[in-house]
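Derivation of every value follows stated rules applied to the coordinates shown; laboratory data play no part. Computed from a prediction, not measured in an experiment: that's the story for all the values here. Here the Cβ is made from the backbone with ideal geometry for all residues, glycine too, and neighbour counts use every protein chain on show.
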Amino acid sequence: PFFNEVTPIFVNGTLYASTSLSQVVAINAETGVTKWVFDTESYKAGRPTNLGFVHRGVAYWSAGAGDERVFIGTGDAHLWAINAKTGKPIETFGEAGKVDLTKNMRREVNRKLYAVSSPPVVCRDVVAVGSSILDGPQRREMPPGDVRGFDIRTGAVKWTFHNPPMQ
């Protein structure tokens, strides 16, 4: 691990946080007891691009007590949806709980050059995700820095903000 830059979020008596290895933890805010840990195992892909093993947090969404989710974008370029109560992946989101963020881009993306270190942003029924791309380009065709919005329930792409703009 490199830096510990996470900002935990507090929801209904629980703190949700990420580790620099893209793991997610739920902690009872009153007692400090760990409720669950979810390991995305993204570190198995090696050191993430740009800042390396750094992660800044997770996002939360709820449609009521029956559907509460924690979202994390990982160092190996995936977006996970995790059940906020159990710590298990939401099987109906993407493929078995995760979306491969290197897919459906405007060009092929090398996973070693694309990562996520900041928390996703939830707005209504969309989870928006940016990226972390190497500050010093190594190739002429680096991954685009697009920001994309995904359907909060299915993981399907809803919109893309092209950065830089398409030409």
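Results, tabulated for the structure shown:
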{"read-out": "Extreme residue, positive dipole direction of the range 1-121, given options Phe38, His78, Val109 (C-beta unit charges)", "value": "Val109"}
{"read-out": "Spread of Cα-to-Cα distances over 10 Å intervals beginning at zero, given as percent, for the range 1-129", "value": "14, 46, 32, 7, 0"}
{"read-out": "Charge context of Thr154, other residues only, Cβ under 15 angstrom, K/R +1, D/E -1", "value": "+1"}
{"read-out": "Listed peptides 67-77, 30-40 by packing density, highest first (mean Cβ within 10 Å)", "value": "67-77, 30-40"}
